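Participant: Input: one structure, supplied below.
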Amino acid sequence: MHNINWLHAPNTRDIMQRLIVKYERFFSLFAQYPGKTVVPTLDVDLAWHTHQLSPPHYYAYSTRLTGGKTFVDHDDKIDESRL
């Protein structure tokens, strides 16, 4: 993300607003397809990692957006053949 310098784009606020929408949609996939592997785009993955820096808020968000069904664990160790 640093190499593509997207945080210094002139329309950063618009980018962030769109990213929040994408992030919410990404999380809704966990509720729609339980047990399936959901792979984020690079920008969504950055938001996901950033969100986890506040564990209580991340936990509450994760369980709320999945309808209280599950905590969404970020597993970076998924075998590539499974992806």
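The values are calculated or read from the model by the stated rules, or taken from the named source; none is laboratory data. Keep in mind that this is a model prediction, so the values were computed, not measured. Methodologically, a virtual Cβ is constructed for each residue, glycine included, from the backbone with ideal geometry; neighbour enumeration extends over all protein chains shown. To get the accessible areas, we keep the full protein, side chains included, count just its heavy atoms, and leave off ligands, DNA and RNA. Shrake-Rupley method; radii C 1.70, N 1.55, O 1.52, S 1.80 Å.
Participant: What do you get for the angle between helix 42-51 and the principal long axis of the chain? Use alpha-carbon atoms, 0 to 90 degrees, nearest ten.
Facilitator: 70 degrees
Participant: How tilted is helix 55-65 with respect to the longest principal axis of the chain? Cα atoms for both, answer in degrees (0 to 90, nearest 10).
Facilitator: With rounding to tens, the tilt is 70 degrees.
Participant: Just the number please: accessible area per residue for the chain, 1.4 Å probe, all protein chains included, in Å².
Facilitator: Numbers: 6290 Å² over 83 residues.
Here the residues of the chain average 76 Å² of exposed surface.
Participant: Given q = 0.13, 0.16, 0.19, 0.20 Å⁻¹, what are the Debye log10 I(q)/I(0) values for the chain, with equal point scatterers placed on the Cα positions and solvent ignored?
Facilitator: Taking Cα atoms of the chain as identical point scatterers yields -0.46, -0.68, -0.93, -1.00.
Participant: Measuring from centroid to centroid over Cα atoms, what is the spacing of region 11-30 and region 48-83 in Å?
Facilitator: If you average the Cα positions of each part, the centres end up 15 Å apart.
Participant: Measure off 7 Å from each Cα along the Cα-to-Cβ vector at Q17 and T50, then give the distance between these two points in nanometres to one decimal.
Facilitator: 1.6 nm
Participant: Right, another one. Give the angle, between 0 and 90 degrees and rounded to the nearest 10, that separates the Cα long axis of helix 12-32 from the longest principal axis of the Cα atoms of the chain.
Facilitator: Tilt relative to the chain: about 10 degrees.
Participant: Taking all protein chains in place and a 1.4 Å probe, what share, in percent, of the accessible surface of the chain do carbon and sulfur account for?
Facilitator: Working: 3520 of 6290 Å².
Carbon with sulfur: 56 percent of the solvent-accessible area.
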